[in-house]
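Notes for the one structure printed next.
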């Protein structure tokens with residue numbers, strides 16, 4: 001069982017927006033603004049798409065945005081594209097270790 | 001362009017020690033802002049942080065794996081390594097080496113391609 005809770009799957013049509021939640025506790029997500037999100041295409045290593053809750057690395061489209069409220073962080077993908085179909089993992093600093101979520105499969109209908 | 005490449009046996013017998021190395025090319029292991037880590041992913045499941053090492057040799061481990069894990073760094077070879085002792089089938093996973101921002105890094109900027117390690121007799 002993963003330390004952070006994500007929905008197993010979400011879906012949306014091209015052009016729509018989808019949000020993926022990541023629920024932790026007051027010891028991880030709620031305690032620090034060090035939440036990251038990773039996109040993982042089939043058979044590939046994860047790729048960093050957001051860090052420090054809402055900051056985007058160079059080259060990541062601004063369609064990807066992040067937020068946090070209390071113990072829950074969220075990733076929102078707007079203007080959904082077929083290439084966004086992937087697994088998404090959240091991650092949080094937890095003091096003496098790093099906690100990951102179980103991953104969410106995004107299907108673009 | 002920084003590249004990380006895992007190497008090691010793809011099959012390990014139960015109760016034995018899993019040993020992997022990560023060779024870093026295109027950059028130095030020396031950094032005050034980054035650490036070198038290991039993350040694993042059981043087939044079809046989520047990611048799990050194993051631990052990390054700084055260039056000074058300081059180590060940080062997932063409390064749930066701490067008794068089982070040793071991570072070390074070899075500056076002369078530009079490599080860092082993972083040893084996981086007394087493995088069971090539950091340790092079957094894709095193992096990724098990584099470069100992360102901070103000693104215990106939620107932000108991982110670079111990943112190796114990953115290597116599948118199967119624990120089986």
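Taken together, the values in this text are just the output of simple stated rules run on the coordinates, not laboratory data. Since the structure is predicted, the reported quantities are computational estimates derived from the model, not experimental observations. For neighbour counting, all protein chains shown are included, and Cβ atoms are generated from backbone atoms with ideal geometry for every residue, glycine included.
Observations
- Peptide A:90-103 is shielded by partner chain Cβ atoms: per residue, an average of 6 of them sit within 10 Å of its Cβ.
- Over the stretch B:3-51: Rg over Rh, Cα atoms, Kirkwood Rh: 1.02
- In Å, descending, principal axis extents of the Cα set of chain A: 38, 28, 24
- Counting all C-alpha pairs of the protein assembly as shown, share separated by more than 26 Å (%): 35 percent
- Look at the stretch B:107-115: the mean tally of other chain Cβ atoms within 10 Å of its residues' Cβ atoms is 5.
- Exposure proxy shown here: for A:84, A:52, the number of other Cβ atoms within 10 Å sets the order, fewest to most, as A:52, A:84.
- Convex hull projection area averaged over all views, the stretch B:78-117, Cα basis, nm²: 3.8 nm²
- Gyration tensor verdict on the stretch B:38-121 (Cα atoms; rounded if a/c is under 1.5, prolate if a/b is larger than b/c, oblate otherwise): prolate
- The stretch B:55-98 versus the stretch A:20-74: alpha-carbon centroid distance in Å: 24 Å
- For the peptide B:42-49, the mean number of other protein chain Cβ atoms found within 10 angstrom of a residue's Cβ is 6.
- Bins of 5 Å from zero: percent of alpha-carbon pairs in the stretch A:11-70: 4, 15, 23, 24, 21, 10, 3, 0
- In the elastic network of chain B, a GNM with C-alpha springs shorter than 10 Å, the most mobile of B:44, B:100, B:57 is B:44.
- GNM remark for chain B: springs join alpha carbons under 10 Å apart, and the peak mean-square fluctuation among B:19, B:81, B:28 falls on B:28.
- DSSP beta bridges confined to chain A are antiparallel in about 85 percent of cases.
- Applying 1/(1 + (r/R0)^6) with r as the Cβ-Cβ distance of residue A:67 and residue B:116 and R0 = 45 angstrom yields a FRET efficiency of 0.80.
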